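Student: Pasting in a structure now, in structure tokens, and then I'll have a few things to ask.
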Amino acid sequence: MNNLNSANKEFKNILKKRNMLSDTMGEDISESWMRCISTGLDPFKDPKQSLVSSVELKQIKEKNEALRKIVIPEIELLYSQIAGTNFMVAYSDENGLVLDTIYDKTCLQGDVGKSVIPGSIWAEKVCGTNGLGLSVELKKPTIVSGKEHFFIAHEKISCFASPIINYDGKTIGIIDASTDSKSREQHTLALVKLATRSIETKLFIQKFSSELILSFHPRSEYLSTTSVGLLAINGDGVVVGANSNAKIMLHGLVDLKNENFNNIFTNSFSSVVSDLLNNKILKITDHLGSSVFVVKSQNFKENKIKENVSKKTYACKSCKDTKIKREKCVLIRSTFLETNNISVASRKLGVSRTTIYKHLN
């Protein structure tokens with residue numbers, strides 16, 4: 001309690017000396033300042049620049065080489081979108097160690113260009129409150145502008161950062177844009193977030209390149225954007241991967257990993273897979289009643305998926321000679337074989353258990 005009181009007192013003293021008011025700071029920023037105070041950082045002294053050796057930097061770059069091949073084209077594009085006077089973009093690892101940077105000439109000669117360099121560490125405990133370090137700490141997009149920086153040496157800088165989250169929900173890097181300009185703040189952060197989402201999508205497709213990847217969104221016109229949900233599904237209709245958008249859109253349904261497609265959506269996997277493999281856009285409904293448009297994003301196991309589905313889609317003897325009966329029978333039999341439960345199949349299809357029994361003979 002005494003430590004907390006001491007930190008609160010120091011916090012108010014710093015604000016007073018810098019002619020600032022606490023109610024103008026967001027909660028994330030003020031909490032970060034409190035952590036900096038508790039760590040023993042002094043905002044009125046120059047921060048100690050922490051650099052790894054050139055040998056260590058080379059080793060870390062080599063370790064992250066596969067990710068850097070995806071990241072570097074994205075930060076080059078990001079730089080071209082936001083470039084202006086004194087702008088730079090950077091990519092750091094998950095710990096806030098800067099690996100790659102792009103500057104304009106003006107920025108290279110200023111405070112930003114001299115401090116945000118490959119090999120520099122921008123973790124909060126080292127450099128105080130800053131966009132890159134705060135994004136490492138909170139694992140979410142951040143803006144730290146001007147005097148929101150803990151160190152007065154950084155208060156002429158505005159930082160915009162967003163984490164790169166992999167398919168497993170882990171932060172694996174940070175994209176940061178920094179400038180001495182206060183203009184276009186929300187616009188710049190939106191572009192930084194767009195870059196990280198694009199990287200995450202490419203990583204997801206790369207990771208699950210051997211599976212059927214479905215893109216879905218409540219609005220069909222968004223199916224080609226980075227806002228889509230992505231599900232990677234194996235030949236048995238089991239979800240083996242889901243991106244962050246998918247987890248948000250399907251929140252409250254199931255734990256997506258290792259879940260059967262049929263436990264998420266009311267439409268049977270076998271009843272939609274043929275259309276998906278033929279690149280059709282479908283509208284399907286989840287078990288909470290929400291509808292989404294879905295399309296195949298990537299697929300390299302088409303034959304395996306078709307083979308698995310075809311094993312389950314033949315009609316019984318009494319239905320095979322009539323097209324309408326045959327299609328209904330195929331759907332009933334495939335749904336039962338996928339769920340392996342007559343009661344569940346009955347609920348999914350809206351037919352009686354007796355009807356299910358009849359078509360299993």
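Residues are listed down the side, and each one gets a yes or a no for (1) modelled with pLDDT of 85 or more; (2) part of a loop (DSSP other than H, G, I, E, B); (3) not charged (D, E, K, R):
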site	(1), (2), (3)
Val239	yes, no, yes
His251	no, yes, yes
Asp255	no, yes, no
Ser274	no, no, yes
Lys325	no, no, no
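Student: Looking at the structure I just gave you, is Ser209 at pLDDT 95 or above, hydroxyl-bearing (Ser, Thr, Tyr) and not in a helix (DSSP H, G or I)?
Tutor: Working: at pLDDT 95 or above: no; hydroxyl-bearing (Ser, Thr, Tyr): yes; not in a helix (DSSP H, G or I): yes.
Spelling it out, it is not the case that Ser209 is at pLDDT 95 or above, hydroxyl-bearing (Ser, Thr, Tyr) and not in a helix (DSSP H, G or I).
Student: Search the range 196-227 for residues being under 25 Å from Lys140 (Cβ atoms) and free of Cβ contacts under 8 Å to residues at least 24 places away in the same chain, and hand back the single one that is least open to solvent (accessible area, probe 1.4 Å).
Tutor: Applying the filter and picking the extreme gives Thr225.
Student: Follow-up. Condition first: modelled with pLDDT of 95 or more and either closer than 30 Å to Lys207 by Cα or under 14 Å from the mean Cα position of the chain (by Cα) (or both). Can you find one or more residues in the range 163-170 that meet it? Steps first, please.
Tutor: Applying the first criterion (modelled with pLDDT of 95 or more) to the range 163-170 yields 163-164.
When the remaining residues are screened for being either closer than 30 Å to Lys207 by Cα or under 14 Å from the mean Cα position of the chain (by Cα) (or both), the result is 163-164.
Yes, the range 163-170 contains at least one residue that is modelled with pLDDT of 95 or more and either closer than 30 Å to Lys207 by Cα or under 14 Å from the mean Cα position of the chain (by Cα) (or both).
Student: If I ask for residues that are surrounded by 15 or more Cβ atoms within 10 Å (Cβ to Cβ) and modelled with pLDDT of 70 or more, which ones from the range 337-354 would you list?
Tutor: Selection gives Val344, Ala345, Ser346, Lys348, Leu349, Val351.
Student: Let me ask another. Can you tell me how many residues in the range 18-40 are of a type in the set (Val, Ile, Thr) and touching a Lys or Arg at 6+ places or on another chain (Cβ under 8 Å)?
Tutor: Start the filter on the range 18-40 by keeping residues that are of a type in the set (Val, Ile, Thr), which leaves 24, 29, 37, 39.
Then drop every residue that is not touching a Lys or Arg at 6+ places or on another chain (Cβ under 8 Å), which leaves 39.
Number satisfying all stated conditions: 1.
Student: Additional query: Quick one: would you say Ile248 is touching a residue at least 12 places away in the same chain (Cβ under 8 Å), under 22 Å from Gln206 (Cα atoms) and open to solvent by 30 Å² or more (accessible area, probe 1.4 Å)?
Tutor: Spelling it out, Ile248 is indeed touching a residue at least 12 places away in the same chain (Cβ under 8 Å), under 22 Å from Gln206 (Cα atoms) and open to solvent by 30 Å² or more (accessible area, probe 1.4 Å).
Student: Please count how many residues of the range 143-188 are open to solvent by less than 20 Å² (accessible area, probe 1.4 Å) and aliphatic (A, V, I, L, M).
Tutor: Within the range 143-188, residues that are open to solvent by less than 20 Å² (accessible area, probe 1.4 Å) and aliphatic (A, V, I, L, M) number 7.
Student: Now for a different question. Of Glu62, Glu31, Glu27, which residue is of a type in the set (D, E, K, R), modelled with pLDDT of 90 or more and open to solvent by less than 90 Å² (accessible area, probe 1.4 Å)? Give the derivation first.
Tutor: Details: Glu62 fails: open to solvent by less than 90 Å² (accessible area, probe 1.4 Å); Glu27 fails: open to solvent by less than 90 Å² (accessible area, probe 1.4 Å).
Among Glu62, Glu31, Glu27, only Glu31 is of a type in the set (D, E, K, R), modelled with pLDDT of 90 or more and open to solvent by less than 90 Å² (accessible area, probe 1.4 Å).
Student: Looking at (1) part of a helix (DSSP H, G or I); (2) farther than 16 Å from Thr335 by Cα; (3) in contact with a Leu (Cβ under 8 Å, 6 or more places away or on another chain), can you tell me which one Glu221 breaks?
Tutor: Failing condition for Glu221: (3).
Student: Based on what the data block shows, is Lys140 open to solvent by 50 Å² or more (accessible area, probe 1.4 Å) and within 25 Å of the chain's Cα centre (by Cα)? Reasoning before the result, please.
Tutor: On the way: open to solvent by 50 Å² or more (accessible area, probe 1.4 Å): yes; within 25 Å of the chain's Cα centre (by Cα): yes.
Here the answer is yes, as Lys140 does meet what is asked.
The values are calculated or read from the model by the stated rules, or taken from the named source; none is laboratory data. Not measured: the values here are computed from a predicted model. Glycine also receives a Cβ, built like all others from the backbone with ideal geometry; neighbour counts cover every protein chain displayed. Each accessible area value is taken on the protein alone, full model and side chains, heavy atoms only, with ligands, DNA and RNA left out. Shrake-Rupley method; radii C 1.70, N 1.55, O 1.52, S 1.80 Å.
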